[in-house]
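Let me begin by presenting the structure, written as structure tokens, before commenting on it.
The values are calculated or read from the model by the stated rules, or taken from the named source; none is laboratory data. Please read these numbers as outputs of a predicted model, since none were measured by experiment. Ideal geometry is used to build each Cβ from the backbone, glycine not excepted, and the neighbour counts take in all protein chains shown. When the accessible area is computed, the model is the full protein with side chains, heavy atoms only, and any ligands, DNA or RNA have been set aside. Shrake-Rupley method; radii C 1.70, N 1.55, O 1.52, S 1.80 Å.
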Amino acid sequence: MDGIVQWLGANESAISAVVGLIALIGLVANFLVQFSRRLRKTATSSPRVDSSGSVVGEPGRVISRSTGSTGETVLAVMPITDASYDERDDDWAFELREDMKALLARSSLFRVIFLDRPQTPEELHADGTHYALHIGVRPQGEQVRINTQLVDVRTSQHIWSAVYTRPLAAAVEDSDEVAHIMSTQLVVPIVESEVRHTLARDIKDLDSAALTRLAYHAFLFGGHDAQSFIETRKLANWALEANPRDARALATRAVTIATGVIFGFSEDPEGDRLLAFEDAAMAIKLAPMDAIALHARGWVSTYFRSFKEGAPFLAKAVAADPTNAHIRADYGFMLLGCGDLEGATEKVEEAFKLSPQDPRQYIWSYFRASIARAKGDYDEALAHLDHTIAFAPYPPAYLSKILIYLIREDNQLAKETMIELANRFHPHYSKQKFVENFTRLARTDELTSKMHVIAAEWPTDLAC
């Protein structure tokens, strides 16, 4: 020990030099890291070459775009405003932008362009852009605050906004999650806005295929209220007026009508039930191997008859289009209704693998919750239901949460969730519809009796 001390004393200056060199290396490394971060964040202003060999990224122009086809709805993503330049900055602006590119690059719902500088609504409108997404990032204490606004370029109106907060020094996976939630949540206001714009136009200007596509998207991503179903049905009607032999328009109208009946939004349930069957049967006749037509026929049978009658049509739909993740997930839900928990789990999980960041995952998460509830794993079921609601408002998810709370005899949480449901879907979701839909879900007198206890406290002071 004494020898070590003597050596340290004799070589003190050399050791100091080494320590100083290590500190200098650390400073240089930190500078290089910070410089590379700034360089990455400003790199998007440099010209780039797209897959066709064309140079993009000229000042104010496109630096990246999705593969959507010409003539579709166009969404422009503005440069992210980054105010997070401090020691704790985790490159949120850069990472979020890259994540959004990856998520939206293959969007089939709308065409997406990423711009390298802000543009005015007039410039965007002149370029044929319909929507502009503005994203701002700034630190707030130990959190990073992400503000988003979606603007309808044609009217200059803000049609959607959201705020997300995450730990400033969080792992990069958190930006993936925020980008996934954001890219899913903005689908609903865009689809609803496109529906309003379309319904305001002259039917003579509309294409049957475009109407059918919009009607299908409105069915999947609409507000799940009476008005949304009315609008979706009208779009499908228009598509069929333009082309009465459009199998997918018939299929879309069939599932829309059937779902409206089940959700309690139909003014003529019996007549609509018959029309849904007629549409689904005609769709199959016109296109016997079309996956969307087979899918519709299966759901109509399930809604009004039984899972066992509907499941074979979904099996055929999956075989007709093995790449359609949503149909595969729906088939899993059908198998759950048939009592095949293993098969249900397999198909739903295959859907997530086929399309890992699909905006329709809010429904698939509901399927996951239903499977977990069937297995008696209520904690997992509640987690999946919260995931569904975080992505999109979906009445069955609220009902399932209430059901689980009542099973657990937690009337307070059941009542709070019921009030949340009432507020979210007012005025389209009444106490009567809540009672009818819950009774259909619960299927036992005991749970139905518990539901009536909390239904007595259905809020009556809801604002329109």
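General remarks:
- Among residues of the stretch 93-112 that are assigned to a strand (DSSP E or B), those with a beta-carbon under 8 Å from a residue that is among the hydroxyl-bearing types (S, T, Y) and open to solvent by less than 20 Å² (accessible area, probe 1.4 Å) at least six positions away or on a different chain give the pairs R111/S66; V112/S66.
- In summary, L382 fulfils each of the numbered conditions (1) within 24 Å of H180 (Cα to Cα); (2) surrounded by fewer than 19 Cβ atoms within 10 Å (Cβ to Cβ) with the single exception of condition (2).
- Criterion: open to solvent by less than 10 Å² (accessible area, probe 1.4 Å) and either over 20 Å from the mean Cα position of the chain (by Cα) or at pLDDT 80 or above (or both) - qualifying residue of G71, G136, G60: G60
- Positions within the stretch 365-407 being of a type in the set (S, T, Y) and more than 23 Å from the chain's Cα centre (by Cα), in sequence order: Y378, Y405
Matching residues to (1) over 17 Å from L96 (Cα atoms); (2) hydroxyl-bearing (S, T, Y); (3) open to solvent by 80 Å² or more (accessible area, probe 1.4 Å):
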residue: L109; (1), (2), (3): yes, no, no
residue: L124; (1), (2), (3): yes, no, no
residue: Y131; (1), (2), (3): yes, yes, no
residue: L186; (1), (2), (3): no, no, no
residue: H197; (1), (2), (3): yes, no, no
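- If you go through the stretch 432-459 and keep only what is surrounded by fewer than 15 Cβ atoms within 10 Å (Cβ to Cβ) and over 15 Å from L403 (Cα atoms), you end up with Q432, A456, E457, P459.
- Residues being open to solvent by 50 Å² or more (accessible area, probe 1.4 Å) and in contact (Cβ under 8 Å) with a residue 24 or more places away in the chain - total across the stretch 332-347: 1
The rows are residues; the columns are (1) in a strand (DSSP E or B); (2) open to solvent by less than 70 Å² (accessible area, probe 1.4 Å).
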| residue | (1), (2) |
| --- | --- |
| V144 | yes, yes |
| T148 | yes, yes |
| V163 | yes, no |
| S193 | no, yes |
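- In the stretch 232-242, residue farthest from the chain's Cα centre (by Cα) [restricted to those that are surrounded by fewer than 22 Cβ atoms within 10 Å (Cβ to Cβ) and either under 20 Å from Y362 (Cβ atoms) or among the aliphatic types (A, V, I, L, M) (or both)]: A242
- Residues in the stretch 348-367 that are under 27 Å from R305 (Cβ atoms), open to solvent by less than 40 Å² (accessible area, probe 1.4 Å) and either touching a residue at least 24 places away in the same chain (Cβ under 8 Å) or in contact with a strand residue (DSSP E or B) (Cβ under 6 Å, 6 or more places away or on another chain) (or both): A351, Y362, I363, W364, S365, Y366, F367.
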